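J.: I'd like to ask some things about the structure below.
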Amino acid sequence: DKGDFKHFMAKEIEEQPTTLKNCINEYVDKINNDINIYNFPWNIKEISSVTLIGCGTAYHSCLMAKYWFEENTTLEVTIDIASEFRYRKNRFKDDNLYIFVSQSGETADTYAALDLCNKNNMKTCSVVNVIESSIARDSNFVLPIHCGQEIGVASTKAFMGQMLVLYILVLKLGILRKDLDKDLYLNKIKDLKLLPKLVEQTLLTESKIQTVSSSFTDAKGSMFLGRGFSYPIALEGALKLKELAYVHAEGYPAGEMKHGPLALIEDGMPVVVLAPRDNYYKKTISNMQEVIARGAKVLLITNKSKDEVFSENIWETVLVESANDDLLPFLLTVPLQKLAYYSALKKGYDIDKPRNLAKSVTVE
Ligand code: F6R
């Protein structure tokens, strides 16, 4: 039931503070500021590296997790697109944990990658929404994302849920392995408890996004740039715009622009720059200036701060809430979901069922 919403996608975006809260309640012991992951089937010493595998949006949450794993643990991390992984000559390693991320739990390529790992007797874990799914059933261990049924074909709340569960796993492995200092761990959990509220406040960036969205639908194409923790979100923002508004959008690491894509920038081209005030801020802002100098219309998405952004000629700025660096990706995601939503709405497209796509991709 869509309730008062026009589309399931709109409803699922607005539900995110609640779905995140529900998920936090499942995993976080709020009194002791600890994370509970019950029945983890392996001894922590048996795991020295992690491989994360998924398709589409789920792959983007794998990429996000790589940044968090590297920041908060000393584990070696690789990520893979399921349709690539399944046909490569992989080096299977006994001390590696294979993590499969899938909303539906039925994606053919992701299942095939899991099956391959199982046949090689690897340690397999899945991060799913649908717990009665093939991927959940056939993995050694399941971490549900607890976000409720997702109906919109374009994933929104499930992406947030995947990121949340992966982040929770990162912190837990970080503390168990003693990679994370106890105080830092406690602080990160305290911060995490505030996430639903911060997402709720960030949902209010609505009107500005609505106004700028027509520039994205009218343009030949657009780019989404970010560095570090913001790079996976840039990829996800571009994917959402492609699949919903049927316009070309490219997600790119901001530092790579000089190596080719800068040639695409022409007068009036809309470019989203994700530049929260983390360690990458200055670098990203300088990349932003380079695209502005070539005529790009920049929609800057950053977080609220005392200091002003000292750059001229920015077309529009959207401010998300502030949070610790680890949590900024969740907040940056929200305006990008809305951007894709309003772009598709303006064109009158079928938002909950974009053309050529299916919710569950059960064929390769
Ligand atoms: C994009 C989207 C797809 C899915 C992908 C994997 O909005 O929804 O890219 O993320 O098809 O699906 P699951 O997560 O069900 O394996």
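J.: Divide by every residue of the chain the summed helix terms, -39500 (n - 2.57) for each DSSP H run of at least 4, and state the resulting mean residue ellipticity at 222 nm, rounded to the nearest 500 deg cm²/dmol. Write out the running numbers ahead of the final one.
T.: Numbers: 13 runs with 157 residues, N = 364.
-13500 deg cm²/dmol, from helical runs alone.
J.: Helix 206-218 versus the longest principal axis of the chain: what is the Cα-based angle in degrees, 0 to 90, to the nearest 10?
T.: Here the helix axis deviates by roughly 80 degrees.
J.: Please label the shape of region 1-104 as rounded, prolate or oblate, based on the square roots a ≥ b ≥ c of the eigenvalues of the alpha-carbon gyration tensor (a/c under 1.5 means rounded; beyond that, a/b larger than b/c means prolate, else oblate).
T.: It comes out oblate by the Cα gyration axes.
J.: To the nearest 10 degrees, how steeply does helix 328-347 sit against the main Cα axis of the chain, on a 0 to 90 scale?
T.: Between the helix axis and the principal axis of the chain, the angle is about 60 degrees.
J.: Calculated FRET efficiency, residue 44 and residue 316, Cβ-Cβ r, R0 41 Å, to nearest 0.05?
T.: Details: r = 46 Å, r/R0 = 1.13.
The pair residue 44/residue 316 has a calculated efficiency of 0.30.
J.: Taking a ≥ b ≥ c as the square roots of the eigenvalues of the Cα gyration tensor of region 237-292, is the shape rounded (a/c under 1.5), prolate (a/b larger than b/c) or oblate?
T.: oblate
J.: Of the lysine pairs in region 193-242, how many meet both conditions: Cα atoms under 22 Å apart, and a spacing of 8 or more in sequence or different chains?
T.: Details: 197/208; 208/220; 208/240; 208/242; 220/240; 220/242.
Taking region 193-242 as the scope, the lysine pair count is 6.
J.: Does region 124-180 classify as rounded, prolate or oblate by the C-alpha gyration tensor (a ≥ b ≥ c root eigenvalues; a/c under 1.5 gives rounded; else a/b over b/c gives prolate, otherwise oblate)?
T.: oblate
J.: Related question: Per 0.36 nm of contour for each residue apart, how much would the distance between residue 179 and residue 283 grow if the chain were fully extended, relative to their Cα-Cα spacing?
T.: 34.6 nm
J.: How do 205, 124, 107 line up, fewest other C-beta atoms within 10 Å first?
T.: Exposure proxy ranking, most exposed first: 205, 124, 107.
J.: In whole Hz, what ³J(HN,Hα) sequence does region 226-235 give by Karplus (6.51, -1.76, 1.60; θ = phi - 60°), x for Gly and Pro?
T.: Values per residue, Gly and Pro as x: x, 10, x, 4, 8, 5, x, 6, 4, 4 Hz.
J.: Another question, then. Give, rounded to the nearest 20 debye, the magnitude of the charge dipole that region 1-116 has about its Cα centre when Lys and Arg contribute +1 at Cβ and Asp and Glu contribute -1 at Cβ.
T.: That gives region 1-116 a dipole magnitude of about 240 debye.
J.: Give me 200, 321 sorted ascending by neighbouring Cβ count inside 10 Å, so fewest comes first.
T.: 200, 321
J.: Under unit Cβ charges (Lys, Arg +1; Asp, Glu -1), what dipole magnitude, rounded to 20 debye, does region 238-321 have relative to its Cα centre? Numbers along the way, then the final one.
T.: Numbers: 10 positive and 12 negative charges, 33 e Å.
Once rounded to the nearest 20, the dipole reads 160 debye.
J.: Just to be sure I understand the model, the point goes 7 Å from the Cα along the line to the Cβ. What's the resulting residue 211 to residue 346 distance in nm?
T.: The two pseudo-label positions are separated by 1.3 nm.
J.: Which entries in 6/359; 30/304; 21/188; 258/347 show an alpha-carbon gap greater than 21 Å?
T.: Numbers: 6/359 19 Å; 30/304 27 Å; 21/188 16 Å; 258/347 33 Å.
Violating the 21 Å Cα-Cα cut-off are 30/304; 258/347.
J.: Please list, in chain and number order, the residues 5+ apart from residue 28 or on another chain whose amide H is under 5 Å from its amide H, with Hs placed from the backbone.
T.: When sequence neighbours closer than 5 places are left aside, the close amide H contacts are 36.
J.: Return one number: the angle in degrees, 0 to 90 and rounded to the nearest 10, between the long axis of the Cα atoms of helix 182-193 and the longest principal axis of the Cα atoms of the chain.
T.: So the inclination is approximately 60 degrees.
J.: Order by neighbour count: 222, 207, 322, 286, fewest other Cβ atoms within 10 Å first, most last.
T.: Details: 222 27, 207 8, 322 16, 286 13.
The fewest-first ordering by Cβ neighbours comes to 207, 286, 322, 222.
J.: Which distance in Å, rounded to a whole number, links the C-alpha centroids of region 38-112 and region 284-353?
T.: 29 Å
J.: Do any GluC sites (Glu not before Pro) in region 234-276 lie in a loop, going by DSSP, with at most 15 other beta-carbon atoms within 10 Å of their beta carbon, and if so which?
T.: Values: sites: 236, 243, 250, 256, 266; in loops: 266.
Filter output for region 234-276: 266.
Here, each number is a calculation from the coordinates, and none is a lab measurement. For clarity, every value in this text was computed on a predicted model and none was experimentally measured. Ideal geometry is used to build each Cβ from the backbone, glycine not excepted, and the neighbour counts take in all protein chains shown.
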